[in-house]
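Peer 1: Handing you a structure now.
What follows draws every value from the coordinates through simple rules; no lab data is involved. All values derive from a computational prediction rather than experimental measurement. In this analysis, Cβ positions are derived from the backbone assuming ideal geometry, glycine residues included, and neighbour counts consider all displayed protein chains.
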DNA sequence: TTGTGTGGTTGCATTATAAAACCATAGGCC
DNA sequence: GGCCTATGGTTTTATAATGCAACCACACAA
């Protein structure tokens, strides 16, 4: 008989609501956390990346990314729920469905660019990176993303601060 | 005698090398995947975010983020291994250690800005976002991140393409 | 009607994450 | 020094997520 050292919940019978659950950032007030809630897992951004490069079919994502079909299905569902992808009834005639990016989905483009440029600049083996993002018209590499002030000055992290958002000021109703 | 808790490996005899493991993007040639390999999990970017806003101590991260100490420890170790954080021997006199951002760590700033701006633009409840990123000098909100061509033209996703990186052209030895 | 490809779901093993208990030092206090 | 507490973790245990393979449903073709 072990000294069952741990009383645990002691909630021997009740509802058993000690759910551990992978903490959600849904109600968090930090916009970074809120973004990660939607696309902060291992696969979502890669799916979006494929979608941005033109893939739309389940099988296309699956073969390009080499991921398990069940997680792909789960991720696609989550992305649709988050309004990042939408299901379109067809496109090539066949009665299958497709997954296309919504404006919200296409809006992730700067995130992907930022990730790419971070790898290009700091990766330990940048020579293993196969692709370059180029301006379509000239074919030349793009510049680094620029953060500018209202008046156009180029900003670094040190030039910025976080400020509390002013209260929404509700009308007295 | 404990019921030897878990068969675990059970590597009874043969190969048993069917390890499932959470697929790694380490060797992937896509820079986005390579970035996600380092900071693509649930907590790393939030830890980096706290570090960028000045936190350095284990307890500070733990209390600000409200995460379990064991995962915080694991994440900090991983971030140090990836060269994003470094441990500094002290700073306030006490013999404890601190975690400070390396240049590679500070280089993630555009990623965080991109995530923030994506939330600001597309979140379903943007009124719940508490903070605004402002220019420190003027106190006014910053502009959206800008992607520009070599010659300064502002680019959208549709104006860009991926090109294969030219071979490194090794000298004949 | 059988076959095949696409687009999934289900079952099971393994891994990661979470929460809480535990532990090892460091520093302060007497 | 001996005791206390705070800090900074590690260990233990439980639950959720992931990965793989097998299975299944339907569309379409022969």
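Peer 1: Based only on other Cβ atoms within 10 Å, what is the fewest-to-most ordering of B:120, B:127?
Peer 2: B:127, B:120
Peer 1: Determine, for B:108, A:161, the number of other Cβ atoms within 10 Å of each Cβ, and report the residues in order from fewest to most. If you can, show how the numbers build up before the last one.
Peer 2: Details: B:108 25, A:161 15.
Least to most surrounded, the residues fall as A:161, B:108.
Peer 1: For a quick check: sort B:131, A:156 by the number of other beta carbons within 10 angstrom, fewest at the front.
Peer 2: A:156, B:131
Peer 1: Next question, about the same structure. Which whole number gives the average count of other chain Cβ atoms within 10 Å of the Cβ atoms across peptide B:138-145?
Peer 2: Working: counts 4, 3, 4, 4, 8, 9, 3, 8.
Across the residues of B:138-145, the mean count of other-chain Cβ atoms within 10 Å is 5.
Peer 1: Put the label 7 Å from Cα along Cα→Cβ for residue B:151; what are its distances to the other copies, in nanometres, shortest first?
Peer 2: 3.1
Peer 1: Given label points at 7 Å from Cα along Cα→Cβ, what nm distances, shortest first, separate residue B:140 from the same residue in every other copy?
Peer 2: Label-point separations across copies, in nm and ascending: 3.1.
Peer 1: With labels modelled as points extended 7 Å from the Cα through the Cβ direction, what inter-label distance (nm, one decimal) is found for residue A:161 paired with residue A:64?
Peer 2: Taking the two extended label points, one gets 4.4 nm.
Peer 1: I've got another one for you. Across peptide B:149-160, what mean number of C-beta atoms from other chains lies inside 10 Å of a residue's C-beta?
Peer 2: The shielding value for this peptide is 6.
Peer 1: Something else now. Taking the C-alpha atoms of segment A:31-159, how large are the radius of gyration and the largest Cα-Cα span, Dmax, in Å?
Peer 2: 17.0, 54
Peer 1: Follow-up. Between residue A:121 and the same site in the other copies, what are the distances in nm, shortest first, taking label points 7 Å from Cα along the C-beta direction?
Peer 2: Copy-to-copy label distances for residue A:121: 2.0 nm.
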